[in-house]
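Bear in mind that the values in this text are calculations on the coordinates, not laboratory data. All values reported here derive from a predicted model rather than from experimental measurement. Here the Cβ positions follow ideal geometry from the backbone for every residue, glycine too, while neighbour counts run over all protein chains shown.
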Amino acid sequence: MRSLRDGGHEVSSLDIVPGAFTGRVGSIADRACVRAAMRGGVEAVLHAATLHKPHIATHSRQDFVDTNVTGTLNLLEEATEAGVGSFVFTSTTSVFGDALVPPLDAPAAWISEEVTPIPKNIYGVTKAAAEDLCQLFHRNHGLSCIVLRTSRFFPEEDDDRTVREAYADANLKANEFLHRRVDIEDVVSAHLCAARHAPGLGFRKYIISATTPFLAEDLADLRHRASVAVRRRVPGYEAEYARRGWKMARGIDRVYVNALARAELGWTPRHDFASLIERLEAGGDMRSSLARLVGSKGYHAESFGEGPYPVRS
């Protein structure tokens, strides 16, 4: 919303809570609310509303179905009725689920759009179902739908206590830019690219993650000797890590590959591990200016004693 307004676009927004960028308060699970929001010549829909993994411990499976599946259906049906030209759905790399972690004696997994998802929880299941609904509405109604499977871009600490204890938060996030994290500025630019190109593409699914420096030939080293592969592809990172007292991950189990999104959407992500190291060396912040402006929105109104949010896989 911030970026669209700054770009001079006329925008309308729907959210369950009021805020500086919320034009209408309501739920996508409410069909009448969705219909009202779709009036007025809407050209593109950016559908980012969701119950997320941090909600698994606090919300029922039916809640996930109501928001992630029924809510998506409401938006698709009303977008079709309104003659919307582009529908962009914010999905997640979590749909890959059990396909992400290979056996211990296998190389790291190379995750492209060709990998078949195996959802492992209600979050992944409902996001995968919503993706299928998007494909159905393109097939049966000609609605141009782009699915963006985004990797981690949230600023909260990791939900795993052992990981939090092993790495400083900034250190962990820097490591993740090698294979499973993306800056929100690049997430936004991917959505805007998708909205522009959807009419010419029809239906597509894309992985939206920072551009990895690795090649498929690095996968064996990555699984148990990650520093060897990182040193090979980003030489010189160690001096900045040493200066900060940071450490590289011992092993990396999967690598998200964004090549298709860059090729077909004309998307040019700006933030990757190498550029992050350059900014840190210059005394800058590894976050983009947009990431700093947006900050942390949180997932719950209440706080929890064990980590940033409760977790149930």
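Let me know the charge dipole size of the stretch 13-281 about its Cα centre in debye, to the nearest 20, where only the beta-carbon of Lys, Arg (+1) and Asp, Glu (-1) is charged.
Details: 32 positive and 35 negative charges, 43 e Å.
Its charge dipole is roughly 200 debye.
Test of understanding: ordering Tyr241, Tyr256 by Cβ neighbours within 10 Å, fewest first, what list do you get?
Details: Tyr241 18, Tyr256 27.
So the ranking, lowest neighbour count to highest, is Tyr241, Tyr256.
Compute all pairwise cysteine Cβ distances in the chain, then list the cysteines with no distance under 4.7 Å to another cysteine.
So far as the 4.7 Å Cβ criterion goes, Cys33, Cys193 stand without a partner in the chain.
Suppose a student asked you for the relative contact order of the chain, using Cα pairs under 8 Å spaced at least 6 residues apart; what percent would you report? Could the numbers behind the result be given before it?
Numbers: 526 pairs, mean separation 61.9, N = 313.
So the answer I get is 20 percent.
Of Glu185, Glu302, Glu176, which is the most mobile in a GNM of the chain whose springs link Cα atoms less than 10 angstrom apart?
Looking only at Glu185, Glu302, Glu176, the largest GNM fluctuation is found for Glu302.
I'd like the GluC sites (Glu not before Pro) in the stretch 1-96 restricted to DSSP loop residues with at most 16 other Cβ atoms within 10 Å, sorted by number. Spell out each step's value before the answer.
Details: sites: Glu10, Glu43, Glu77, Glu78, Glu81; in loops: Glu10, Glu43.
Answer by residue number: Glu10, Glu43.
How big is the chain by Rg and Dmax over its Cα atoms, in Å?
Answer for the chain, Rg first and Dmax second: 19.6, 57 Å.
Evaluate the distance, in nm, between pseudo-label points positioned 7 Å from the Cα of Asp98 and of Ala166 along their respective Cα→Cβ axes.
2.3 nm
Indicate the helices, whole DSSP H runs only, in the chain that combine a mean Kyte-Doolittle hydropathy of 1.0 or more with a Cα extent along their long axis of 18 angstrom or more. Walk me through the numbers on the way to the answer.
Details: long enough: 122-141 (27 Å, -0.21); 184-201 (25 Å, 0.53).
Helices meeting the criterion: none.
Using only DSSP helix segments of four residues or longer, with each worth -39500 (n - 2.57), what per-residue ellipticity at 222 nm results for the chain after dividing by its residue count and rounding to 500? Mind showing how you got there, number by number?
On the way: 14 runs with 124 residues, N = 313.
-11000 deg cm²/dmol, from helical runs alone.
Enumerate the calculated ³J(HN,Hα) couplings along the stretch 146-163 in order (Karplus 6.51 cos²θ - 1.76 cosθ + 1.60, θ = phi - 60°), each rounded to whole Hz, writing x wherever the residue is Gly or Pro.
10, 9, 10, 8, 7, 8, 5, 9, 6, x, 5, 5, 4, 7, 8, 4, 5, 5
Return the tail of the calculated pair distribution for the stretch 51-128, meaning the percent of Cα-Cα pairs more than 14 Å apart. Walk me through the intermediate numbers first.
Numbers: 2031 of 3003 pairs.
Everything past 14 Å amounts to 68 percent.
With a cut-off of at most 15 other beta carbons within 10 Å, and DSSP calling the residue loop, which chymotrypsin sites (Phe, Trp or Tyr not before Pro) in the stretch 8-104 qualify? Please list them. All intermediate terms of the calculation are to be shown ahead of the outcome.
Numbers: sites: Phe21, Phe64, Phe87, Phe89, Phe96; in loops: Phe21.
Qualifying residues, ordered by number: Phe21.
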